[in-house]
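**Q** Sharing a structure below in structure tokens format, with a few things to ask.
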Amino acid sequence: MKIPLKKPVLVTSALPYVNGECHIGHLRTYVPADIYVRVLRKMGYDVVFISGSDTHGTPIVLSAEAQGITPQAVVEKYHQHFKRMFQALNVNFDYYGRTDSESNHRRTEEIVKKLIDNGYVYKKETKQAFCNTCGRFLPDRYVEGKCPYCGAIARGDECDQGCGKHLEPGEIIEPRCKICGSEADFKEQEQFYFKLSAFADFLISYLDHLGGTLNARNYAKEWTRKELRDWCVTRNLEWGVKFPGRGDLVVYVWVDAPIGYISFTEDLIKEKGEDEKEWRKYWKENKATIVHFIGTDIIYHHCIFWPAMLKGAGYSLPDAVVASGMVKIDGKTFSKSRGNVVWATEFLERFHPDTLRYYLVAQSSHTKELDFSWDSFYTRVNHELVAILGNLVHRVVSFTYKNFGAVPEGDIEEEVFAQIELTREEVISAMEEYEFKKLVDAVMKLAYFGNSFFQREEPWHLIKEGEKGRERCGGIVKNVLQIIKAVCILMEAVMPDKMAEVWSQLGMESDVHSVMLDELMMPIKSGQTLKKPKKLFERVEV
RNA sequence: GCCGGGGUGGCCUAGUUGGUUAGGGCGCUGCACUCAUAAUGCAGAGGUCACGGGUCCGAACCCCGUCCCCGGCACCA
């Protein structure tokens with residue numbers, strides 16, 4: 001999707017649910033979002049990048065109980081953990097909030113009230129499983145019993161191991177509490193529902209124009225072909241945003257979580273000291289382009305539920321939803337309980353964050369499943385980062401440093417400019433397609449061209465062939481330094497630390513993080529002193 | 001069951017409206033080079049594009065049928 005340059009862009013990254021540590025599955029969504037933002041800025045866009053912790057909901061309450069601490073304490077612990085991880089990985093949000101903030105409570109209440117006023121939320125009596133031992137209502141997923149259709153063991157909402165049928169509340173036979181194991185029974189309980197069914201026509205036409213990746217759009221369209229059922233948007237919990245006028249109910253987490261996108265924008269505006277009304281530009285007046293980065297697991301919430309809520313409450317609608325595929329490990333599904341998981345901390349103790357950033361986008365197309373294996377990681381680091389990119393930088397900078405000490409005189413050849421220009425175009429179209437693999441492939445191809453060019457011209461011979469040879473040699477070297485400079489600018493979004501290192505080795509004075517794409521075609525300055533070369537990446541051994 | 005995405009040389013994979021000898025990477029073989037982290041460069045071998053039929057001057061790509069793999073199926077973050 002081409003984004004109009006005149007509008008500001010708001011990029012959001014899915015909110016991590018803070019009841020556990022960060023793993024590479026999370027990063028598969030956040031790293032590309034960060035890359036996207038960095039490239040957009042280099043292209044001249046005015047971008048705001050936000051995210052935050054999703055702090056409410058039953059799992060956090062249960063996890064707190066299990067540890068004998070408050071939900072606040074659980075949230076605090078993992079909120080800080082995620083903040084540290086993002087910092088360590090150079091995922092630079094302009095604002096990273098949390099959904100239990102005062103501003104998010106206020107915005108959620110405002111939106112829910114608006115939905116009630118507009119007639120999109122109604123009251124309904126439902127049967128709710130109640131555990132007498134735990135003394136509380138149970139969400140359907142914490143109810144276990146027998147399927148009334150096939151007799152298999154089933155969950156409260158679905159016969160997940162038997163016939164696969166969806167179960168209505170109250171249908172399951174011999175319900176038990178999954179938490180304590182004792183018998184549960186059903187009680188009548190008042191809940192509030194969101195009239196999703198009223199938005200069917202709206203969603204069908206909305207999805208036709210929605211930008212982003214095809215997987216998100218296709219999944220969502222599929223839902224609109226079926227009957228859209230109304231959503232129960234309240235829960236019997238203490239922890240969460242109180243439903244207006246009801247002290248005993250909180251709103252369902254999927255209501256207040258995406259509203260975080262709005263309240264975090266407000267918080268950012270406030271933090272920047274701008275006019276408090278500035279956020280309206282993004283969320284009320286349609287004056288910005290809104291892009292959501294998510295995983296395929298929450299497409300339903302972002303492409304169906306969320307736009308319907310926004311529409312119903314009179315807010316601006318997202319322009320694009322970019323959904324990344326799930327991560328597998330050695331071909332197997334992620335599973336914390338089976339230990340089939342790679343934690344971010346574990347990774348960062350052993351490797352540089354930029355190698356992970358590179359791997360995550362280089363390994364597979366964004367919308368496809370990514371099958372992580374240490375073997376494929378080592379191959380990419382050793383054969384691509386060390387052998388192609390690191391080697392190009394090291395051989396050329398070393399050679400120049402030793403023989404010239406500074407960038408030599410010479411003109412940039414047409415062939416080199418053409419190659420850089422081609423790469424620039426490939427990078428831009430990769431962004432329009434949300435294909436981050438195409439970005440790294442294009443830049444690696446440019447590095448490959450650099451190696452090939454250097455090899456072909458054999459400057460190590462020229463340098464020994466008198467004054468004429470030395471002059472010619474300098475010209476060659478300058479051309480390859482220009483290629484490295486271009487690689488730096490284009491790859492900064494993927495490996496910000498490493499490219500800053502190269503930038504400094506080249507003796508550049510500016511900041512590679514804020515350099516624009518226009519710099520690509522500006523010849524590197526002759527006479528600029530190089531820094532003492534250092535290996536860029538270390539080989540990793542199996 | 002329904003829906004979606006796939007099945008391309010030993011492995012991974014590109015192929016956007018059908019059009020010259022189906023691209024790339026890993027691995028493999030040979031040669032060159034020594035500035036560089038035994039890194040690089042050049043060249044080469046290797047494919048009935050799941051299977052059967054059809055449309056067309058022409059199909060990996062379109063249509064029909066068959067087989068296989070993966071994912072989703074709603075209140076789950």
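None of the figures in this text is laboratory data; all of them are computed from the coordinates on show. Just so it is clear, the structure is predicted and the values come from calculations on it, not from any experiment. Cβ placement follows ideal geometry from the backbone for every residue including glycine, while neighbour counts extend to all protein chains displayed.
**Q** Give me D for chain A in µm² s⁻¹, whole number, from Stokes-Einstein with Rh from the Kirkwood sum over alpha-carbon pairs, 37 °C and 0.692 mPa s.
**A** The calculation lands on 127 µm²/s.
**Q** Could you tell me how far the Cα centroid of the stretch A:197-222 sits from the Cα centroid of the stretch A:464-542, in Å?
**A** 45 Å
**Q** Could I ask something else about it? Put +1 on the Cβ of every Lys and Arg and -1 on every Asp and Glu Cβ in chain A; which of A:S365, A:Y206, A:L536 then has its Cα farthest towards the positive end of the dipole?
**A** Working it through, the farthest residue towards the positive pole turns out to be A:L536.
**Q** Decide, for the stretch A:386-542, between rounded, prolate and oblate: order the square roots of the alpha carbon gyration tensor eigenvalues as a ≥ b ≥ c, take rounded if a/c falls under 1.5, and otherwise choose prolate if a/b is larger than b/c, else oblate.
**A** Verdict is prolate for the stretch A:386-542.
**Q** Turning to a different aspect of this structure: Which far-off residues, 5 or more places away or on another chain, put their amide H under 5 Å from the one on A:A154, with H placed in the peptide plane?
**A** Sorted by chain and number, the residues that satisfy this are A:G145, A:K146, A:C147.
**Q** Based on the inverse mean of 1/r over its pairs of different Cα atoms, what is the Kirkwood hydrodynamic radius of the stretch A:254-319, in Å?
**A** Its Kirkwood hydrodynamic radius stands at 12.5 Å.
**Q** Per the Kirkwood treatment, what hydrodynamic radius in Å, one decimal, follows for the stretch A:5-67 from the mean inverse distance over all distinct Cα pairs?
**A** Kirkwood radius, the stretch A:5-67: 13.6 Å.
**Q** Another question about this same structure. Kindly rank A:432-440, A:179-187, A:480-488 from highest to lowest mean number of other beta carbons found within 10 Å of each residue.
**A** A:480-488, A:432-440, A:179-187
**Q** Only Lys, Arg, Asp and Glu count, each charged at its Cβ (+1, +1, -1, -1), so figure out the dipole size of the stretch A:345-455 about its Cα centre, rounded to 20 debye.
**A** Computed about the Cα centre, the dipole is about 460 debye.
**Q** Between Rg and the Kirkwood Rh of the stretch A:409-460, both from Cα atoms, what is the Rg to Rh ratio?
**A** 1.08
**Q** Then there is this: Taking 8 Å as the Cα distance limit and 6 or more residues as the minimum spacing, I'd like the relative contact order of chain A as a percentage.
**A** It comes to 16 percent, rounded to a whole number.
**Q** Something else now. How large is the charge dipole for chain A, taken about the Cα centre, if only the Cβ atoms of Lys, Arg (+1) and Asp, Glu (-1) carry charge, to the nearest 20 debye?
**A** Magnitude of the dipole: close to 220 debye.
**Q** Could you check the spin-label model distance between A:N92 and A:K287? Points 7 Å from the Cα along Cα→Cβ, value in nm.
**A** 2.6 nm
**Q** Give me the Kirkwood hydrodynamic radius of the stretch A:89-156 in Å, from all C-alpha pairs, to one decimal place?
**A** After inverting the pairwise mean of 1/r, the radius is 16.6 Å.
**Q** Turning to a different aspect of this structure: Return the long-range amide H neighbours of A:V9 (sequence gap of 5 or more, or a different chain), with a cut-off of under 5 Å between placed amide H atoms.
**A** Those lying under 5 Å, H to H, from A:V9 are A:D46, A:V47, A:V48, A:T289.
**Q** Whose amide H sits under 5 Å from the amide H of A:Y17, counting only residues 5 or more places off or on another chain, with H placed in the peptide plane?
**A** For A:Y17, whose amide H was placed from the backbone, the distant partners under 5 Å are A:D54.
**Q** Between the stretch A:1-43 and the stretch A:119-150, what is the separation of their alpha carbon centroids in Å?
**A** 36 Å
**Q** Something else now. Only helical DSSP H runs with n ≥ 4 go in: add -39500 (n - 2.57) per run for chain A, normalise by residue count and round the 222 nm mean residue ellipticity to 500 deg cm²/dmol.
**A** -14000 deg cm²/dmol
**Q** Next question, about the same structure. Report ³J(HN,Hα) in whole Hz for each residue of the stretch A:508-524, in order, from the Karplus equation J = 6.51 cos²θ - 1.76 cosθ + 1.60 where θ = phi - 60°; Gly and Pro get x.
**A** Here the 3J(HN,Hα) series is 5, 8, 6, 9, 4, 6, 10, 5, 8, 4, 4, 4, 3, 8, 8, x, 4 Hz.
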